[in-house]
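Student: Let me begin by handing over the structure; questions about it come next.
The values are calculated or read from the model by the stated rules, or taken from the named source; none is laboratory data. For clarity, every value in this text was computed on a predicted model and none was experimentally measured.
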Amino acid sequence: MALSMDEQRMLAEIERRLAAEDPGLATRLSSFRRPGPAAGLRSTRGKIIGSLCTIVLLAVIGLTVYAMMPFRGQGSRTPTGPRQSTTSQPVVSQLRQTQASTPAGG
């Protein structure tokens with residue numbers, strides 16, 4: 001709602017009197033009108049720049065995790081000797097049992 005010309009004139013007169021009587025208070029009150037540093041983030045340009053920075057940060061984190069994947073399997077392994085397959089042991093023992101139970105001649 002716009003002010004009428006009389007109301008604008010009265011408001012300007014009140015501002016002049018305040019500035020004359022208490023300049024410190026007038027300075028503090030006039031600082032409310034100035035946009036602060038956060039006002040730049042509320043603009044369209046600030047939102048676009050903030051979004052791009054967020055996307056770049058997420059991409060860097062993703063690439064770092066992807067680059068570190070090959071090192072994930074190289075933890076603290078201690079060599080314990082030759083690896084033996086655990087699945088071949090029952091097969092070998094079954095083969096020996098069948099050979100032992102089969103008659104030699106036949």
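Student: Quick one: which of L18, L41, L63 is modelled with pLDDT of 90 or more, of a type outside the set (F, W, Y) and part of a helix (DSSP H, G or I)?
Tutor: Step by step, each of L18, L41, L63 is checked, and only L63 is modelled with pLDDT of 90 or more, of a type outside the set (F, W, Y) and part of a helix (DSSP H, G or I).
Student: Kindly evaluate S85 against the criterion of being among the hydroxyl-bearing types (S, T, Y) and at pLDDT 90 or above.
Tutor: It is false that S85 is among the hydroxyl-bearing types (S, T, Y) and at pLDDT 90 or above.
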